[in-house]
Amino acid sequence: KAFAWDEPSVAAAAWQGIAYGRWSRQTVEALEPLFPDVCRNLERLNGDAVRGLLNVLAATAVRQGEDGASEPTWLAPLVVSNSDGRRAEFAAMVRRQLETVGADQRHRTWTGWLRDWWTKRLEGFPAPMGPEEGSMIIGWVLPLSELMEEVLPLALALPLSERTWGFLYELNKSGVPEDWPTASALLVAHVLTERGQLYDHGIVVEILDRT
């Protein structure tokens, strides 16, 4: 009852109290029905608690069981009720989770909900995508590179912000330019087109030299 939002001050204190701890499977299962409401009330929580909860949400979404993955019911409320910057934080945490699970789990997540969700976000559902979110979502390309043929068209449709410079740095550190040379060149071109300003000529040259 303390985690319900009938009494906002009580609920905010309860969620802030649990946001920093290690969540067991039992805790996630008990509180998951309340995730849509907490997504609508993140502005009531302090910054550290928000980051902790976004990490829990990302882990819950990416680490669904072997019996299949499906689109979490709280994704739409998270997008509708929060800023472009907060959506970007969540997208960055999804990427970190994708990097820590195995290829089978990534594929399960991709086919279960992430591919369709990315498509819907590009279509403006349930709210238009902003450049901050797009600049974090493009980072999903790296852990999902084994699915590049499906991922690339979605990545090339993303709106991007100045924050995307970090993606080029990470792309350069990865093995993607050798494994997917044409895709890497297209990604570089998209980033440069969207950003409209070149900050590090050297990184771009290094990536293209490897394609």
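Can you give the Rg to Rh ratio of region 123-193, both from alpha-carbon atoms, with Rh computed by the Kirkwood formula?
On the way: Rg = 11.6 Å, Rh = 12.2 Å.
Value, to two decimals: 0.95.
Could you give the angle, 0 to 90 degrees to the nearest 10, between helix 47-62's Cα long axis and the longest principal axis of the Cα atoms of the chain?
For helix 47-62, the angle is close to 70 degrees.
Spin-label point model (7 Å from Cα, Cβ direction): what's the L192 to Y169 distance in nm?
About 2.0 nm separates the two model spin labels.
Could you work out the relative contact order of region 106-211, using alpha carbon pairs under 8 angstrom and six or more residues apart, expressed as a whole percent? Provide the component values of the computation, followed by the final result.
Working: 99 pairs, mean separation 25.7, N = 106.
Once normalised by length, the contact order is 24 percent.
Measuring with a 1.4 Å probe in the full set of protein chains, what accessible area per residue, in whole Å², belongs to region 44-150?
That works out to 40 Å² for each residue.
Kindly state, to the nearest 0.05, the FRET efficiency for D179 paired with L34, given R0 = 45 Å and r defined as their beta-carbon distance.
Taking R0 as 45 Å, the efficiency between D179 and L34 is 0.60.
For the chain, with all protein chains present and a 1.4 Å probe, just round the carbon and sulfur fraction of the accessible area to a whole percent.
Carbon and sulfur together cover 51 percent of it.
Over all pairs of distinct alpha carbons, what does the Kirkwood formula give as the hydrodynamic radius of region 2-99, in Å?
13.6 Å
Let me spell out the model: positive unit charges on the Cβ of Lys and Arg, negative unit charges on the Cβ of Asp and Glu, origin at the Cα centre of region 92-211. What dipole size does that give, in debye rounded to 20?
It comes to approximately 300 debye.
Please report, for the Cα atoms of region 42-142, the Rg to one decimal and the Dmax as a whole number; what are they, in angstrom?
Expressed in Å, the Cα Rg and Dmax of region 42-142 come to 12.8, 37.
With the chain treated as a Gaussian network of Cα nodes joined by springs under 10 Å, which of A59, A13, A183 yields the largest mean-square fluctuation?
A13
Given the options Q97, Q26, Q16, which has the most mean-square fluctuation in a GNM of the chain, springs set between C-alpha atoms less than 10 angstrom apart?
Q26
What's the extension gain from E150 to S70 if we count 0.36 nm per residue and subtract their Cα-Cα distance?
27.0 nm
Return the distance in nm (one decimal) between the two label points of a simple spin-label model at R22 and V80, each offset 7 Å from Cα along Cα→Cβ.
3.6 nm
Mind checking the full-extension length gain between R96 and S9? Use 0.36 nm per residue of separation minus the Cα-Cα distance, one decimal, nm.
In short, 28.2 nm is gained.
Please state the Cα pair-distance histogram of the chain with 5 angstrom bins from zero: what percent is in each bin?
Once binned at 5 Å, the Cα pair distances of the chain give 1, 7, 15, 18, 18, 15, 12, 7, 4, 2, 1, 0.
Enter the angle in degrees (range 0 to 90, nearest 10) between the Cα long axis of helix 84-100 and the first principal axis of the Cα atoms of the chain, meaning the one along which they spread out most.
Helix 84-100 sits at roughly 80 degrees to that axis.
Projected onto the charge dipole of region 76-211 (+1 at Lys/Arg Cβ, -1 at Asp/Glu Cβ, origin at the Cα centre), which of W113, L208, P177 gives the Cα projection farthest towards the positive end?
The residue sitting farthest along the positive end of the dipole is W113.
Please state the shape class of region 11-55: rounded when a/c is under 1.5, otherwise prolate if a/b exceeds b/c and oblate if not, all from the C-alpha gyration tensor.
oblate
Nearest 10 degrees, 0 to 90: what angle lies between the long axis of helix 181-195 and the longest principal axis of the chain (Cα atoms)?
Computed tilt is about 70 degrees.
If I stretch the segment between A127 and A157 completely, what's the gain in nm (0.36 nm per residue apart, minus their alpha carbon distance), one decimal?
Contour length minus Cα-Cα distance gives 9.2 nm.
How high is the FRET efficiency from R63 to T211, r the C-beta distance, R0 30 Å, rounded to 0.05?
Computed FRET efficiency for R63 and T211: 0.35.
Relative contact order (percent) for the chain, with alpha-carbon contacts under 8 angstrom and 6 or more residues of separation?
So the answer I get is 15 percent.
The values are calculated or read from the model by the stated rules, or taken from the named source; none is laboratory data. These numbers come from a predicted model, not from an experiment. All Cβ positions, glycine included, derive from the backbone under ideal geometry; neighbour counts span all protein chains shown. Note: areas computed on protein heavy atoms with side chains; ligands, DNA, RNA excluded. Shrake-Rupley method; radii C 1.70, N 1.55, O 1.52, S 1.80 Å.
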